[in-house]
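Here is the structure we will look at, set down as structure tokens.
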Amino acid sequence: MKIYHGSLEMVEHPMILKPNRKLDYGQGFYTTTSEKQAKEWVERRMLENNSNCGYINVYEFDDKKLSELNSLIFPEPNEEWADFVMANRTKFDFTHNYDIVYGPVANDRVYLQFGLYEAGAISVETLIRELKTYKLVDQYLFHTDKALTALRFIESIKIEL
């Protein structure tokens, strides 16, 4: 299956990098099955960094390797997913031992709902119900070097503003 990673750089050899902010599924190499989502992410990064070009990096993902890896799969938003995302985004010392995590993206538009949940303004049931009204794209987090072996670089598509 093809998956995509948006970046300001061509990334032929993905690596596990420590982010400078808290992310949905922790540190690692993030990808999506949505080329559109990868392009939007690149364009946002380009604007934030005053860059005139970026790249959609395309990979072949050998998803048969999922059975060999310690994987956490969230087919749709649920309470376990919400708790996992909140722990990664809010707990300073939270970590996990999964090689790959797959599930919906809690993007900035959706994260407003998480803010209401975290503040106690809505219940987890309301959070899940609200999130299911959005068309959520997916993401794969490759959390370990072992997981990265399931990726094969295909190409980088240059994006210019």
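The values are calculated or read from the model by the stated rules, or taken from the named source; none is laboratory data. Note that the structure is a prediction, hence the values are computed from the model and not measured. For neighbour counting, all protein chains shown are included, and Cβ atoms are generated from backbone atoms with ideal geometry for every residue, glycine included.
Annotations
- Test result for Lys135, surrounded by fewer than 16 Cβ atoms within 10 Å (Cβ to Cβ), free of Cβ contacts under 8 Å to residues at least 40 places away in the same chain and under 30 Å from Lys64 (Cβ atoms): yes
- Here Ala106 passes the criteria (1) in contact with a Phe, Trp or Tyr (Cβ under 7 Å, 6 or more places away or on another chain); (2) modelled with pLDDT of 85 or more; (3) of a type outside the set (Asp, Glu) except the one numbered (2).
- Those residues of the range 3-21 which are surrounded by fewer than 16 Cβ atoms within 10 Å (Cβ to Cβ) and either among the acidic types (Asp, Glu) or in contact with a helix residue (DSSP H, G or I) (Cβ under 8 Å, 6 or more places away or on another chain) (or both), in sequence order: Leu8, Glu9, Glu12, Met15, Ile16
Quick grid of which residues meet (1) under 24 Å from Tyr111 (Cα atoms); (2) modelled with pLDDT under 90; (3) assigned to a strand (DSSP E or B):
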{"site": "Lys39", "(1), (2), (3)": "yes, no, no"}
{"site": "Leu47", "(1), (2), (3)": "yes, no, no"}
{"site": "Asn57", "(1), (2), (3)": "no, no, yes"}
{"site": "Met86", "(1), (2), (3)": "yes, yes, no"}
{"site": "Arg89", "(1), (2), (3)": "yes, yes, no"}
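- Inclusion of Tyr25 among residues that are surrounded by 13 or more Cβ atoms within 10 Å (Cβ to Cβ) and assigned to a loop (DSSP other than H, G, I, E, B) is warranted.
- Within the range 143-161, the set of residues being in a helix (DSSP H, G or I) and either among the basic types (Lys, Arg) or surrounded by fewer than 17 Cβ atoms within 10 Å (Cβ to Cβ) (or both) comprises Asp145, Lys146.
- One residue from Asp62, Asp138 being of a type in the set (Asp, Glu) and under 17 Å from Tyr30 (Cβ atoms): Asp138
Conditions (1) touching a residue at least 60 places away in the same chain (Cβ under 8 Å); (2) farther than 30 Å from Ile159 by Cβ; (3) out of contact with any Pro (no Cβ under 9 Å at 6 or more places or on another chain); (4) in a loop (DSSP other than H, G, I, E, B), marked per residue:
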position: Lys18; (1), (2), (3), (4): no, no, yes, yes
position: Ala82; (1), (2), (3), (4): no, yes, yes, no
position: Phe94; (1), (2), (3), (4): yes, yes, yes, yes
position: Val101; (1), (2), (3), (4): yes, no, yes, no
position: Phe114; (1), (2), (3), (4): no, no, yes, no
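- Test: Tyr140 is in contact with a strand residue (DSSP E or B) (Cβ under 7 Å, 6 or more places away or on another chain), among the aromatic types (Phe, Trp, Tyr), part of a loop (DSSP other than H, G, I, E, B) and within 21 Å of His5 (Cα to Cα): no
- When Ala119, Ala82 are screened for being surrounded by fewer than 13 Cβ atoms within 10 Å (Cβ to Cβ), more than 26 Å from Met15 (Cβ to Cβ), hydrophobic (A, V, I, L, M, F, W, C) and at pLDDT 85 or above, only Ala119 passes.
- Of the residues making up the range 31-69, just one is basic (Lys, Arg), touching a residue at least 12 places away in the same chain (Cβ under 8 Å) and closer than 17 Å to Ile100 by Cβ, namely Lys65.
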